[in-house]
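Throughout, read-outs are computed from the coordinates displayed, never taken from laboratory work. Since we're looking at a predicted model, the values are computed, not measured. We place every Cβ from the backbone using ideal geometry, glycine too, and count neighbours over all the protein chains shown.
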Amino acid sequence: MTFHSLRFDRAASTYGAHAQVQEAMAADLIGLLPDTEIPAINAGAILEMGCGTGLFTRRIRARFPDASMTVTDAAPRMLETARAGFRGSVGSGIAGSSGPTAGLMGWSLFDASGLASSDAPGYVAGETGIPATVRASAPYALAASSALVQWFPDLVRHFTMTASLLAPSGSYLVSGFARDNFPELNSILEETPFEYPEYPGHTGTGIRAAAAAAGFKVAAFREDSLEVVLPSAQAFLDSIRGMGSARRPETERPLTRTRLRHLLDTYQERYPKAGGVRATWRPWYAWLRKTG
């Protein structure tokens with residue numbers, strides 16, 4: 001597994017306790033698609049990438065109850081946690097389910113970055129390493145991912161791979177975080193003694209350019225800013241770790257105990273808020289339509 005997949009895998013049991021922003025993002029993202037799209041998608045197949053614990057999965061399933069659905073994640077424990085949430089329910093595709101949509105949900109490990117090794121177990125030959133279980137249900141009427149693609153530095157590659165799995169005029173509902181996500185934290189990490197590179201994420205201009213390069217038209221796009229209050233700077237860092245969202249360690253300037261103490265003290269001093277400290281999330285949402 002990649003660094004981030006391993007972090008998310010370890011956080012499968014704690015993710016839900018810290019994912020209030022991701023829950024809100026899932027609700028906002030599903031609402032970006034107009035009701036006029038429901039009949040065509042219900043008659044087709046859906047691919048979800050980076051399902052995590054199933055926050056977005058449940059909203060997709062509720063809105064498109066008649067569509068077949070392939071649910072994927074690169075972290076095995078995350079995938080199993082999401083799958084367990086559907087066990088025994090209608091349309092789960094798991095033993096014990098019943099009803100007209102039973103069997104319409106499949107589950108597969110899948111690194112959706114488009115950079116996965118093509119010779120990994122369970123993957124077919126090809127640059128993007130798309131599992132045979134994912135290819136089997138293509139072309140998809142809808143692809144979807146929420147709070148995932150900020151971890152993908154090569155957004156063109158990911159969008160191109162996704163477009164290859166969609167039917168003509170298929171849609172991609174996607175959300176992520178902007179490059180200036182957590183501006184409070186980043187402002188400290190830019191300074192000595194850290195001088196860390198920029199946090200993962202994408203700009204609006206970069207998202208539009210990547211979509212166009214991959215053969216997508218941007219049907220809808222919006223950016224948001226969500227300020228949350230946590231009891232302390234330590235609680236903020238703990239919430240990030242609890243979601244598996246910690247950034248890759250910097251080998252040349254590791255976060256030693258001394259540097260961590262400096263980070264916590266500086267954050268607490270600069271960004272106080274009634275009830276603790278503030279942290280600002282910068283999510284974005286897009287509905288992309290395949291043009292070819």
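Just need log10 I(q)/I(0) for segment 156-292 at q = 0.12 Å⁻¹, Debye formula, equal scatterers on the alpha-carbon atoms, no solvent, rounded to two decimals.
Once normalised to I(0) and log-transformed, intensities are -0.60.
When only Cα pairs under 8 Å and 6 or more residues apart are kept, what is the percent relative contact order across the chain?
Here the relative contact order equals 21 percent.
Let me test this: with uniform point scatterers at the alpha carbons of the chain, what is the Debye-based log₁₀ I(q)/I(0) at q = 0.14 1/Å?
Log10 I(q)/I(0), no solvent term: -1.04.
HN-Hα J couplings of segment 48-57 from phi, Karplus 6.51/-1.76/1.60, θ = phi - 60°, integer Hz, Gly and Pro as x?
So the Karplus estimates, Gly and Pro as x, are 9, 10, x, 5, x, 8, x, 4, 7, 3 Hz.
Computed over the Cα atoms, what is the radius of gyration of segment 250-292 divided by 2.2 N^0.38 Å, N being its residue count?
For segment 250-292, the normalised Cα radius of gyration is 2.01.
Which value, in debye to the nearest 20, gives the size of the charge dipole of segment 149-292 about its Cα centre, when Lys and Arg are +1 and Asp and Glu are -1 at the Cβ?
480
List every residue whose amide H lies under 5 Å from the amide H of LEU166, counting only residues 5 or more places away in sequence or on a different chain, with H placed 1.01 Å from N in the peptide plane.
TYR140
Output the relative contact order of segment 41-81, whole-number percent, from Cα pairs under 8 angstrom with separation of 6+ residues.
54
GLU191 label point, 7 Å along Cα→Cβ, cut-off 18 Å on backbone N: hits in segment 261-285?
261-273, 277-280
Counting DSSP beta bridges in the chain, what percent are antiparallel, to the nearest 5?
Of all bridge pairs located within the chain, approximately 55 percent are antiparallel.
Explain nothing, just compute: Karplus ³J(HN,Hα) = 6.51 cos²θ - 1.76 cosθ + 1.60, θ = phi - 60°, for every residue of segment 153-166 in order, whole Hz, x for Gly and Pro.
x, 9, 5, 4, 4, 5, 4, 5, 4, 4, 4, 5, 9, 8
Report the FRET efficiency, 1/(1 + (r/R0)^6), for GLU23 and THR258, where r is their Cβ-Cβ distance and R0 is 41 Å, rounded to 0.05.
Efficiency, rounded to the nearest 0.05: 0.70.
Starting from the amide H of VAL277, placed 1.01 Å from N in the peptide plane, find each other amide H under 5 Å away whose residue is 5 or more places distant or on another chain.
Correct list: LEU230, SER232.
³J(HN,Hα) across segment 198-210 via Karplus (A = 6.51, B = -1.76, C = 1.60, θ = phi - 60°), whole Hz, x for Gly/Pro?
Going residue by residue, I get 4, 5, x, x, 9, 8, x, 4, x, 5, 5, 5, 5 Hz, with x marking Gly and Pro.
Ranked from highest to lowest mean number of other Cβ atoms within 10 Å per residue, what is the order of the peptides 131-141, 275-285, 28-38?
Answer by packing, highest mean first, reads 275-285, 131-141, 28-38.
For each of TRP107, TRP151, count neighbouring Cβ atoms within 10 Å of the residue's Cβ, then give the residues from fewest to most.
TRP107, TRP151
Compute the acute angle (0 to 90°) between the alpha-carbon long axis of helix 20-30 and the principal axis of greatest extent of the alpha-carbon atoms of the chain; round to the nearest 10°.
40
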